[in-house]
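The values are calculated or read from the model by the stated rules, or taken from the named source; none is laboratory data. If you're wondering where the values come from, they're calculated on a predicted model, not measured in any experiment. Here Cβ is always computed from backbone atoms with ideal geometry, including for glycine, and neighbour counts include all displayed protein chains.
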Amino acid sequence: MNHRGLDDIWVYLSASPLLGLTITLAAYGLGVRLYRRFGGNPLLNPVVTSVAMLIALLLVTGMPYDDYFEGGQFIHYLLGPATVALAVPLYQQLPRLRQLWFPVALSLIAGVFIAAGSSIGLAWLFGGSTEIQMSLAPKSATAPVAMGISEKIGGLPSLTAVLVVVTGIVGAVLGTRLFAWLGIKDDTVKGVAMGVAAHGIGTARAFQVSPEMGAFSGLAMALSAFATSLVVPWLVSWLQAFL
Amino acid sequence: MAFLNGITLLLVYQLAGEVCVRLAGVPVPGPVLGMVMLFITLVIRGRTPDSVGQASSALLSHLSLLFVPAGVGMMAHFHRIEAEWLPITLSLLLSTVITMAATALIMQASSRWLAGRRNSGQGGRGQ
């Protein structure tokens, strides 16, 4: 009788978005706490720990991803207004941007080409299928943009979404060390590189370093999303014509 | 109330972006165009309204949370990632590091060149 009751509760919970939404927020809250507890160790990036906890939980309970996403989509959907919101820090950095428009534009355009070219080239070099190469090509752009591009050039949009998140995590985890190793101290330079290579997750990390780095990362993320959607389909058709 | 107005305004700009993208058939995502339009509005108005400022900092301070549901999507692709884990891992890692390093070095070199040109005679800005 009691067991029957628990089953009924589980049937209700797994069919309603409430569970997916609640566990996402709870896992992320736990992830943030863990991250702070260990003094902001980049390896404990809250995205990494909360994604790992959620996957483990779903595998253990046997809950399918689609059921989870019924609830997760409410959070996922906020990526849209958050992208629009980047206009605010960008506007606040306008005076700096006016001074630096030339280096920003130059490094951004170069970065977008290098991101797409190197991911296709390296995947090809190590024997990846065309589908994987195409799914990787837009990986440095923010998720909604990258998914649209991936679909257009023959990749798998949902796989691209995952690769985008992993790319962001790699950038957020390695970024500050890489900049220290290269001897780069200017927060505007670090921000632009972070935003071009590691989109929103990199930008979230950049805001932890300084508001200036965050604003330039957000700017670079937004502009490179724009540039990637123009450059990648063109680059792919060019590669297909010549190789 | 200010927060609510701010969120509404962000959604209105996103909506306007989505509509324009579909009407004009440009390959740019709606939210990106919405961001560009909001940026232009702020430049014209010359200040950030309180409502938009509040909503924007609330969303951006938890930006990484918004990527969690997509990240969990990894589990739907385990078999594919397993089959081609080597090219995926190497391409993703190396390309991200190369992109970040190259972008940073190009921007550093060009901003120093620019600073050097602006203060030519004073020996540039240096480190």
Next on the checklist: For the structure I just gave you, tell me whether B:Arg117 is facing another protein chain (nearest Cβ under 7 Å) and of a type in the set (Lys, Arg).
Outcome noted: no
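Restricting attention to segment A:2-50, which residues are at negative phi and in a loop (DSSP other than H, G, I, E, B)? Walk me through how you get there before you give the answer.
First, the residues of segment A:2-50 that are at negative phi: A:2-38, A:41-50.
Within segment A:2-50, A:Ser16, A:Phe38, A:Asn41, A:Asn45 qualify.
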Checklist entry - Among the candidates B:Ile98, B:Ile81, which residue alone is more than 7 Å from chain A (Cβ to nearest Cβ) and crowded, with 17+ Cβ neighbours inside 10 Å? => result B:Ile81
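Yes or no: B:Gly71 within 22 Å of the chain's Cα centre (by Cα), farther than 30 Å from A:Thr61 by Cβ, within 7 Å of chain A (Cβ to nearest Cβ) and at pLDDT below 95?
Taking the combined requirement at face value, the residue does not satisfy it.
Please specify each residue of segment A:14-32 satisfying the condition of being at pLDDT below 80 and buried (at least 16 other Cβ atoms within 10 Å of the Cβ).
A:Ser14
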Checklist entry - From the residues in segment A:46-86 that are touching a residue at least 60 places away in the same chain (Cβ under 8 Å) and closer than 16 Å to B:Leu60 by Cα, which one is surrounded by the fewest Cβ atoms within 10 Å (Cβ to Cβ)? => result A:Leu79
Item to check | Residues of segment A:108-135 that turn out to be more than 15 Å from B:Trp85 (Cβ to Cβ) and within 7 Å of chain B (Cβ to nearest Cβ), as a count | outcome: 6
Item to check | Exclusive hit being among the polar types (S, T, N, Q), touching a helix residue (DSSP H, G or I) at 6+ places or on another chain (Cβ under 9 Å) and surrounded by fewer than 15 Cβ atoms within 10 Å (Cβ to Cβ), set B:Ser61, B:Ser56 | outcome: B:Ser61
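If we scan segment B:27-35, do we find a residue that is β-branched (Val, Ile, Thr), more than 7 Å from chain A (Cβ to nearest Cβ) and within 30 Å of A:Leu136 (Cα to Cα)? Working first, answer last.
Within segment B:27-35, the first condition is being β-branched (Val, Ile, Thr), and the residues that meet it are B:28, B:32.
Next cut, more than 7 Å from chain A (Cβ to nearest Cβ) only: none.
So far as segment B:27-35 goes, no, none of its residues is β-branched (Val, Ile, Thr), more than 7 Å from chain A (Cβ to nearest Cβ) and within 30 Å of A:Leu136 (Cα to Cα).
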Checklist entry - Which residue, of B:Ser51, B:Ser91, is facing chain A (nearest Cβ under 7 Å) and in a helix (DSSP H, G or I)? => result B:Ser91
Checklist entry - What are the residues in segment A:146-204 that are assigned to a helix (DSSP H, G or I), surrounded by 19 or more Cβ atoms within 10 Å (Cβ to Cβ) and of a type in the set (Asp, Glu), if any? => result A:Asp187
Next on the checklist: Of everything in segment A:141-176, what is modelled with pLDDT of 90 or more and among the polar types (S, T, N, Q)? Give them in sequence order.
Outcome noted: A:Thr160, A:Thr167, A:Thr176
Next on the checklist: Tell me whether segment A:109-128 contains one or more residues that are of a type in the set (Gly, Ala, Ser), more than 14 Å from A:Gly195 (Cα to Cα), at pLDDT 90 or above and not in a helix (DSSP H, G or I).
Outcome noted: yes
